[in-house]
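*Asks:* Okay, here's the structure, questions in a sec.
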Amino acid sequence: METSLVFFSQLIMCEPKAKTIFKLIHGSGKEETSKEAKIRAKEKRNRLSLLVQKPVFYDDTPSTRSGQLAKETRVSPEEAIKWGESFDKLLSHKDGLETFTRFLKTEFSEENIEFWIACEDFKKSKDPQQIIRKAKAIYEKFIQNDAPQEVNLDFHTKEIISKSITQPTLQSFDVAQSRVYQLMEQDSYMRFLKSDIYLDLTKGRSQRPTNLRRRSRSFTYNEFQDAKSDVAIWL
């Protein structure tokens, strides 16, 4: 009899714990179900957001890429081969200039060709105010110390330009332009003729994606002068 009473009292004491455990188990299931529902709802919202934003990426369609490729490969192999005859022939051809500029961008040295182009445009200026405005813009972008696209020039040449920039003439950048032209002709042009960008054109191959790479340090004008002492510097 006593044994039955002890067992019954223990059963009564355990009941609240059993109920608690039962509630915890079933409550956890409900909580987990609620979490899963929230996750599914979030995933649906994300998918909907992607569908709404999808038109933003339409520019990168195969047809667009094909158009870009056609533009890059419109030069005939015969024309590209002529660019290898001289640096002047390369720059005098519109597509040659564009291709060489693209090559310089892979070496992070496009400031040289951009300076040369700016000088060519500057020499076509007619109005005195336009000459002053363009000269100042070229000086601030390419010539002055710490310019955004500073080109390699010796101190003497930069000093002459800086002193004359308040009253520029159409010849103000001639010497500097000649310096940069010679540097590109003896340095960058030689590498361009060996590059995949150029060789693919001469063989009529489709243009391969170009990988940007850090260039090795280009010659400064003084180094170039030492290596090419027989070249007439002042034209």
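The values are calculated or read from the model by the stated rules, or taken from the named source; none is laboratory data. Quantities reported herein were computed from a predicted structural model and do not represent experimental measurements. Accessible surface areas use protein heavy atoms only, side chains included; no ligands, DNA or RNA. Shrake-Rupley method; radii C 1.70, N 1.55, O 1.52, S 1.80 Å.
*Asks:* Of K134/K158; K94/K158; K89/K136; K82/K126; K89/K124; K136/K163, which ones are farther than 23 Å apart at the Cα?
*Replies:* Violating the 23 Å Cα-Cα cut-off are K94/K158; K89/K136; K82/K126.
*Asks:* Further, regarding this structure: For the range 103-116, take each phi angle, set θ = phi - 60°, evaluate the Karplus expression 6.51 cos²θ - 1.76 cosθ + 1.60, and give the result in whole Hz per residue in order, putting x for glycine and proline.
*Replies:* Listing the rounded values in order: 5, 5, 5, 5, 9, 6, 10, 5, 4, 5, 6, 5, 5, 4 Hz.
*Asks:* Of K134, K126, which has the most accessible area with a 1.4 Å probe, and how do the rest follow in descending order?
*Replies:* If we order K134, K126 from most to least accessible, we get K126, K134.
*Asks:* Roughly speaking, what is the stretch gain from Q149 to E120, that is 0.36 nm per residue apart minus the C-alpha to C-alpha distance, in nm to one decimal?
*Replies:* Details: separation 29, 0.36 × 29 = 10.44 nm, distance 1.70 nm.
Length gained, Q149 through E120: 8.7 nm.
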